[in-house]
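Derivation of every value follows stated rules applied to the coordinates shown; laboratory data play no part. Computed from a predicted model, the values in this text were never measured in an experiment. Here the Cβ is made from the backbone with ideal geometry for all residues, glycine too, and neighbour counts use every protein chain on show.
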Amino acid sequence: MRFIVYGVGAVGGVVAAALARSGQEVLGIARGAQLEAIRAHGLRLKTPEIDETHSLDCVGAPAEIAFGPDDAILMCMKTQHAEAALDALVAAGVRDQPVFCLQNGVENERRALRRFANVHGVTVLLPSTFLEPGKVVCHARPRFGIFDVGRYPGGTDAADAAFCAAMNRANFAAYPQPEVMQSKYGKLLMNLGNIVMASLGPGAGDGGLHERLKTEAQAVLTAAGIAVTDVGRDDPRRAGILDVTDVPGEAPLGGSTAQSLQRGTGSVETDFLNGEIVLLGRLHGIPTPANAAMLDLAARMLREDLRPGALTAADLRALIG
Ligand SMILES: NC(=O)C1=CN([C@@H]2O[C@H](COP(=O)(O)OP(=O)(O)OC[C@H]3O[C@@H](n4cnc5c(N)ncnc54)[C@H](OP(=O)(O)O)[C@@H]3O)[C@@H](O)[C@H]2O)C=CC1
Ligand SMILES: CC(C)(CO)C(=O)C(=O)O
C-alpha cells in the first residue's frame, strides 16, 4: 500500500515521517513554505526521544499524482480545508481507493462519502505541533500516537487491517474499531477545549469552562441518541503507550487550534468542533450557549488577529454571561 498523506502539517507530518523512517512507501501533498522546505531539506521529526530528518517525496496537488489501486489517501488537513481537497482528489481521478480521515470532528467522513465509496474514520490521539516549515513535533512517547480506525459509517475491512499493520510498524498503536464514530465523538468532547486553550494560552486554568462545554455536549448527544466512547485520559490503552511529555527545545502550544492562530493561517476548526454541538443542539432543541459563545470567540480571535494567550478566563466568562 502506498500512503498519500494529504496535508503535511502536524498530524500529516508526523505520520509521513513515521512511515518514511519505517521504510514504507509514502508521498506527501503539501503547499506553500512547507512544500518548499520539505523539497529543499527534508522533514525534521522531533519527539521526546528522537530528532531526525527524513527525505519525503512531496507534490503540490493531487493532479500531479498518477493514482493506482494500491494507494490509500490519508486526509490530514483541517476540516475547513477538506472540501477543496476532496474536490481536487475527484478531479485527479481518485475513485475506489480508501480515503482515511485523520481529522478531528465528525464532519469529514460524511463529506468524503458523497464523493467516495470507501471512506474510513480515524480517531487521532497524536499531540503534535507544526509551527515552522520543514519541522514537525510529536509530544508523545514511546509510541507516537494511538489510532482507532474503521469504515464509515460502521464496520471494518481489509483496508483497516492494512492501515493498522502499517501504522503499528511505524510506531503508532492502531486499533480496528467497527464503531469508529463513537470513538470520534469521544475525541470531539476533548476538542471542545481547543479554542479555550487557544485563547488562554498553554497551561492557563480555564475555571471549569471545558467541563461546562462537555456537559452541554453530553446533553445534546444524549438527545440525539449518539453513543460515545471515552478516548480521554481514562482510556486504559494509553498506559505505557502514550505518555505526553516534553520535547527538548519545544514548548507545547496547546493544540491544533492554537497552532492555526499562532501561524496566522486566517482560519480555525471551531465551527466543526464546538459548532457540531451547536448544530446538534439546534436540531434537537437543546440550548448550547457556552459552545455557541466559543464560535463567537473564534470569530473574534480571527477578526482581531489575536494570538494564543491573548485572553483571560475572566474575558471568556464575560463572553458566556
Ligand atoms: N495537531 C494536533 O495535535 C492534532 C490535530 N488533529 C486533527 O488533525 C487534523 C489536521 O490538523 P493539524 O495537523 O494540526 O493541521 P495543520 O494545519 O498543522 O496541517 C495541515 C496541513 O495541510 C495543509 N493543507 C491544507 N489544505 C491543503 C491542500 N489543499 N493542499 C496541500 N496542503 C494542504 C495545510 O497548509 P496551510 O498551513 O497552508 O493551511 C497544513 O500544512 C485536524 O482535523 C486536527 O483537528 C488531531 C489530533 C491532534
Ligand atoms: C489537543 C489535542 C492534542 C488533544 O485534545 C488535539 O486533538 C488537537 O490539538 O486538536
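Residues in the range 106-136 that are of a type outside the set (A, V, I, L, M), closer than 30 Å to Pro202 by Cα and part of a loop (DSSP other than H, G, I, E, B): Glu107, Pro127, Pro133, Gly134. From the list Gln97, Gln103, Gln80, pick out the single residue that is in a loop (DSSP other than H, G, I, E, B) and out of contact with any Pro (no Cβ under 9 Å at 6 or more places or on another chain). On inspection, the qualifying residue turns out to be Gln103. Residues that are on the phi > 0 side of the Ramachandran plot, within 16 Å of ligand 2 (Cβ to nearest atom) and part of a loop (DSSP other than H, G, I, E, B): does the range 2-24 have at least one? There is at least one residue in the range 2-24 that is on the phi > 0 side of the Ramachandran plot, within 16 Å of ligand 2 (Cβ to nearest atom) and part of a loop (DSSP other than H, G, I, E, B).
So, in the range 83-102, of the ones that are small (Gly, Ala, Ser) and either within 8 Å of ligand 1 (Cβ to nearest atom) or surrounded by fewer than 13 Cβ atoms within 10 Å (Cβ to Cβ) (or both), which residue ends up nearest to His120 (Cα to Cα)?
Applying the filter and picking the extreme gives Ala85.
One line per residue, one yes/no per condition, for (1) assigned to a helix (DSSP H, G or I); (2) under 30 Å from Leu45 (Cβ atoms):
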position	(1), (2)
Pro153	no, no
Phe163	yes, yes
Leu213	yes, no
Ala219	yes, no
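Residues in the range 181-209 that are within 10 Å of ligand 2 (Cβ to nearest atom) and over 23 Å from Val119 (Cα atoms): Met190, Leu192, Gly193, Asn194, Met197, Ala198.
If you check every pair at least six apart or on different chains, which have Cβ atoms under 6 Å apart with a residue in the range 267-296 that is over 18 Å from Pro308 (Cβ atoms) and within 16 Å of ligand 1 (Cβ to nearest atom) first and a residue that is among the hydroxyl-bearing types (Ser, Thr, Tyr) and not in a helix (DSSP H, G or I) second? Listed pairs, sorted by first residue: Ile277/Thr288.
One line per residue, one yes/no per condition, for (1) aliphatic (A, V, I, L, M); (2) within 14 Å of ligand 2 (Cβ to nearest atom); (3) part of a loop (DSSP other than H, G, I, E, B):
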| site | (1), (2), (3) |
| --- | --- |
| Glu216 | no, no, no |
| Thr222 | no, no, no |
| Ala227 | yes, no, yes |
| Gly240 | no, no, yes |
| Gly254 | no, yes, yes |
| Ala258 | yes, yes, no |
| Ser267 | no, no, yes |
| Gly275 | no, no, no |
| Arg282 | no, no, no |
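Scanning the range 42-77 for residues that are outside any strand (DSSP E or B), touching a Leu at 6+ places or on another chain (Cβ under 9 Å) and within 10 Å of ligand 1 (Cβ to nearest atom) yields Gly60, Pro62, Cys76. Residues that are β-branched (Val, Ile, Thr) and in a strand (DSSP E or B) within the range 27-41 comprise just one, Ile29.
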